[in-house]
Amino acid sequence: QLASRFSAPKNIISPCEVQEYKAIIEKWVDDFPPEYAFENPDTSKDDKCAWLFSHRFYVYTMACLLILNPIRHYMVKQYTWNSDPDELNIRSVGVWYSLKLMKTLRRWVDKIYNRDGRLHFIIFSIFDTAAILCTAILKDTQYTISNRADVLASIGDAVDMLKKLNAISKTSKTSYDILERLVRRLPESVPRRDSERQVKRARVNIRSPPPSGPTQHARSLVPQVSTPVV
């Protein structure tokens with residue numbers, strides 16, 4: 001369906017096209033069997049089917065990455081409160097799904113104890129998503145991202161996850177080093193779970209975020225849930 005409609009991801013450009021593409025992926029996700037449901041999946045078979053847990057989170061990760069694919073362009077642009085509301089909403093959708101993806105990856109990483117065929121995919125997904133979020137924060141000089149604190153916490157968790165995976169993967173060590181350098185460029189401290197500390201950087205002048213903006217948050221564009229997927 002995606003191929004017949006858009007041919008290739010590079011052809012998904014305008015906000016309307018992005019929303020149409022996203023709706024197709026979300027419809028696919030809605031049709032998952034109960035064991036793979038994005039919200040409150042049926043886990044009753046997990047003990048009998050050891051592969052089900054990892055396969056569930058592999059599917060979750062793939063779905064989020066597919067949705068984010070054409071949205072990344074909007075996440076790394078610089079915006080003001082006077083920017084196109086449609087583009088701001090698309091970026092908010094991207095942030096929402098990035099946080100959802102990072103929660104999924106955290107649950108996955110917590111179950112990893114040795115190398116397997118999925119490890120490089122997990123490392124790539126963590127690093128790539130965190131790098132995009134870092135860029136979004138760096139470009140957000142006008143503080144148009146409403147859930148900025150959640151984004152920073154998610155970035156910090158990504159650093160922690162890669163640090164944990166360092167013990168079993170050289171690829172993770174490389175990704176960890178690059179991401180930590182990128183994090184140190186951020187204008188605010190990033191919370192860290194592993195050592196109850198924060199990644200700190202030189203003091204910079206940061207103006208307070210505007211009290212309000214002309215655009216609405218993107219929750220009208222994404223599934224309404226109380227908690228991102230875990």
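Report yes if some residue within the range 88-102 is surrounded by fewer than 17 Cβ atoms within 10 Å (Cβ to Cβ) and either of a type outside the set (Ser, Thr, Tyr) or not in a helix (DSSP H, G or I) (or both); otherwise report no.
There is no residue in the range 88-102 that is surrounded by fewer than 17 Cβ atoms within 10 Å (Cβ to Cβ) and either of a type outside the set (Ser, Thr, Tyr) or not in a helix (DSSP H, G or I) (or both).
Consider residue 172 carefully, then state whether it is assigned to a helix (DSSP H, G or I) and of a type in the set (Ser, Thr, Tyr).
Yes, satisfied.
Can you report the number of residues in the range 175-193 which are assigned to a loop (DSSP other than H, G, I, E, B) and small (Gly, Ala, Ser)?
1
Spot the failing condition for residue 110; the list is (1) under 18 Å from the mean Cα position of the chain (by Cα); (2) surrounded by 14 or more Cβ atoms within 10 Å (Cβ to Cβ), and only one is missed.
All conditions pass for residue 110, except number (2).
Matching residues to (1) within 23 Å of residue 13 (Cα to Cα); (2) touching an Asp or Glu at 6+ places or on another chain (Cβ under 6 Å); (3) among the aliphatic types (A, V, I, L, M):
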| site | (1), (2), (3) |
| --- | --- |
| 50 | no, no, yes |
| 53 | no, yes, no |
| 81 | yes, no, no |
| 89 | yes, no, no |
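Within the range 58-72, can you find the residues that are assigned to a helix (DSSP H, G or I) and of a type outside the set (Val, Ile, Thr)?
58, 60, 62, 63, 64, 65, 66, 68, 72
Can you pull out the residues in the range 17-57 that are in contact (Cβ under 8 Å) with a residue 40 or more places away in the chain and either assigned to a loop (DSSP other than H, G, I, E, B) or more than 19 Å from the chain's Cα centre (by Cα) (or both)?
17, 38, 39, 53
Mind listing whichever residues of the range 131-146 are more than 12 Å from residue 75 (Cα to Cα) and either over 16 Å from the mean Cα position of the chain (by Cα) or modelled with pLDDT of 95 or more (or both)?
Of everything in the range 131-146, those that are more than 12 Å from residue 75 (Cα to Cα) and either over 16 Å from the mean Cα position of the chain (by Cα) or modelled with pLDDT of 95 or more (or both) turn out to be 141, 142, 143.
When both residues are 6+ apart or on different chains and their Cβ atoms are under 6 Å apart, which pairs have a first residue that lies in the range 62-75 and is among the small types (Gly, Ala, Ser), and a second that is in a helix (DSSP H, G or I)?
Going by the 6 Å Cβ cut-off, the qualifying pairs are 63/29.
Matching residues to (1) within 14 Å of residue 188 (Cβ to Cβ); (2) surrounded by fewer than 16 Cβ atoms within 10 Å (Cβ to Cβ):
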{"residue": "120", "(1), (2)": "no, yes"}
{"residue": "126", "(1), (2)": "no, no"}
{"residue": "130", "(1), (2)": "no, no"}
{"residue": "145", "(1), (2)": "yes, no"}
{"residue": "162", "(1), (2)": "no, no"}
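Say we look at the range 10-41 and pick out the residues that are closer than 21 Å to residue 77 by Cβ and surrounded by 14 or more Cβ atoms within 10 Å (Cβ to Cβ); which of these is modelled with the lowest pLDDT?
Among residues in the range 10-41 that are closer than 21 Å to residue 77 by Cβ and surrounded by 14 or more Cβ atoms within 10 Å (Cβ to Cβ), the one modelled with the lowest pLDDT is 12.
The values are calculated or read from the model by the stated rules, or taken from the named source; none is laboratory data. Nothing here was measured: the structure is a model prediction, and the numbers come from that model. Heads up, the Cβs are rebuilt from the backbone with ideal geometry, glycines too, and the neighbour counts pull from every protein chain shown.
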